[in-house]
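Report on the following structure.
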Amino acid sequence: MAIFDLFSKRQRRLRGEVPDVYIYDEIPDALRAQVVHIWLDALGGKDNYWQGQVREAYEFICDSLCREYGIFRLPPAKDYGDRNFAEELINFLLNESVTERLLDAIELSFKVIDRFTREHRYLNRNNCGEVADNAINELNVRFREHGIGYQFVEGEIVRVDSELMHQEAVKPALSVLRRKEFAGAQEEFLKAHEHYRHGNNKEALNECLKCFESVMKSICDKHKWSYAPNATAKQLLQACFDNGLIPAFWQSHYSSLRSLLESGVPTGRNKLGGHGQGASPTNVPPHLVAYMLHMTASAVLFLSEAEANVP
């Protein structure tokens with residue numbers, strides 16, 4: 001369904017009543033209601049719940065969440081009587097107080113929209129792909145409207161700190177990592193975002209470095225450039241440069257870039273998250289992790305684009 005720029009929205013913008021920073025620990029009631037509207041449009045449920053595909057979709061979401069949480073029904077549903085899975089999921093979204101569980105439900109439901117409704121003639125629609133695209137787009141627009149620092153990208157909810165960096169680096173990097181040869185790096189980059197979303201900052205840094213190294217290994221493997229099995233990031237960069245990832249006549253000009261690549265993601269991870277922390281625990285603030293995620297995304301884009309131009 002179309003998103004309307006209502007009079008009240010325009011007036012709030014004119015008055016400056018729009019979020020200027022992202023929030024992460026609250027899903028407002030209005031956003032919850034909007035998610036329900038998207039579910040009803042994309043998955044169905046109000047007029048066609050008893051059609052097999054619709055009921056199966058909601059049942060899969062509810063039962064998957066229940067299994068992971070170790071319960072039998074999503075609260076506030078009672079553990080007896082007939083189940084209407086659409087109502088159970090909707091009531092859970094409208095009443096749950098734990099933000100991470102709300103994001104669990106939103107992420108899993110949009111995975112179903114993104115995959116299940118595309119691959120089947122869902123509800124005998126001729127435009128099932130368009131319906132899924134519109135649902136995901138509306139969710140991300142609603143996140144932004146409410147100043148919620150998350151987006152649904154490539155099947156995952158990822159945390160967003162800078163809309164510009166997200167659009168210019170993170171999303172394009174995720175698109176690059178969808179390529180078959182970068183499957184391992186994609187998994188590590190998504191894990192880094194998942195750790196970041198849950199506040200596991202040191203683990204996020206570790207996954208950033210793994211992703212950075214995996215991309216270089218994939219490039220070396222594709223071109224049959226040799227490297228040691230236990231090569232460090234610096235050694236992998238050396239192999240890439242030695243084999244012409246950047247033409248020789250440009251390498252002196254890019255010496256500062258090389259220093260940045262060598263000292264960026266690897267150093268950040270090694271200093272803050274990769275080794276024993278000693279007697280005093282090392283605190284890794286979230287803004288440094290966000291910076292490292294953006295740096296990793298930028299490095300992925302640079303390396304992949306440089307590889308595309310290798311003869």
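Mind scanning LYS191/LYS217; LYS46/LYS171; LYS171/LYS217 and naming the pairs with a C-alpha gap bigger than 27 Å? Spell out each step's value before the answer.
Values: LYS191/LYS217 18 Å; LYS46/LYS171 34 Å; LYS171/LYS217 22 Å.
Too far apart for the 27 Å limit: LYS46/LYS171.
Relative to the Cα centre, what is the charge dipole magnitude of the chain, using +1 at the beta carbon of each Lys and Arg, -1 at the beta carbon of each Asp and Glu, and rounding to the nearest 20 debye? Provide the component values of the computation, followed by the final result.
Numbers: 36 positive and 43 negative charges, 106 e Å.
Its charge dipole is roughly 500 debye.
What FRET efficiency, computed as 1/(1 + (r/R0)^6) with R0 = 41 Å and r the Cβ-Cβ distance, is obtained for ASP79 and ASN137, rounded to the nearest 0.05? Each step should come with its number before you reach the end.
Working: r = 37 Å, r/R0 = 0.90.
The formula returns an efficiency of 0.65 here.
Wrap a convex hull around the Cα atoms of the chain, take a quarter of its surface area, and give that in square nanometres. If you can, show how the numbers build up before the last one.
Working: hull surface 84.6 nm².
One quarter of the hull surface, i.e. the mean projection, equals 21.1 nm².
So how do TYR80, TYR227 line up by other beta-carbon neighbours within 10 Å, fewest first? Don't jump to the answer; show the numbers that get you there.
Numbers: TYR80 8, TYR227 18.
Starting with the residue having the fewest Cβ neighbours, the order is TYR80, TYR227.
Give me THR296, THR99, THR117 sorted ascending by neighbouring Cβ count inside 10 Å, so fewest comes first.
Details: THR296 30, THR99 15, THR117 22.
Lowest to highest Cβ neighbour count: THR99, THR117, THR296.
For LYS222, give me every one of the aspartates and glutamates with a C-alpha distance below 16 angstrom, ignoring sequence neighbours fewer than eight places off in its own chain.
Answer for LYS222, where 16 Å is the Cα cut-off: GLU181, GLU213, ASP242, GLU305, GLU307, listed by chain and number.
So, in nm, how far is label ASP63 from label ASN283 when the simple model puts each one 7 Å beyond its Cα toward the Cβ?
Each label point lies 7 Å from its Cα, and together they span 4.7 nm.
Using only C-alpha positions, report the orientation-averaged shadow area of the convex hull of segment 30-117, nm², one decimal. Display every interim value, and only then the final one.
Working: hull surface 21.8 nm².
Averaging across all directions leaves 5.4 nm² for the Cα convex hull.
Can you give the FRET efficiency for TYR291 and PHE7, using 1/(1 + (r/R0)^6), R0 = 45 Å, r = Cβ-Cβ distance, to the nearest 0.05? Can you show the working numbers first?
On the way: r = 39 Å, r/R0 = 0.87.
Efficiency, rounded to the nearest 0.05: 0.70.
Which order do ASP29, ASP82 fall in if you start with the one that has the fewest other Cβ atoms within 10 Å? Provide the component values of the computation, followed by the final result.
Numbers: ASP29 8, ASP82 4.
Lowest count first: ASP82, ASP29.
Contact order normalised by length for the chain, with contacts defined as Cα pairs under 8 Å and 6 or more residues apart; what percent is it?
Working: 315 pairs, mean separation 49.7, N = 311.
Result for the chain is 16 percent.
No value in this document is a laboratory result; all are computed from the given coordinates. This is a predicted model, so every value here is computed, not measured. Reconstructed Cβ throughout: ideal geometry from the backbone, glycine too, with neighbour counts over all protein chains shown.
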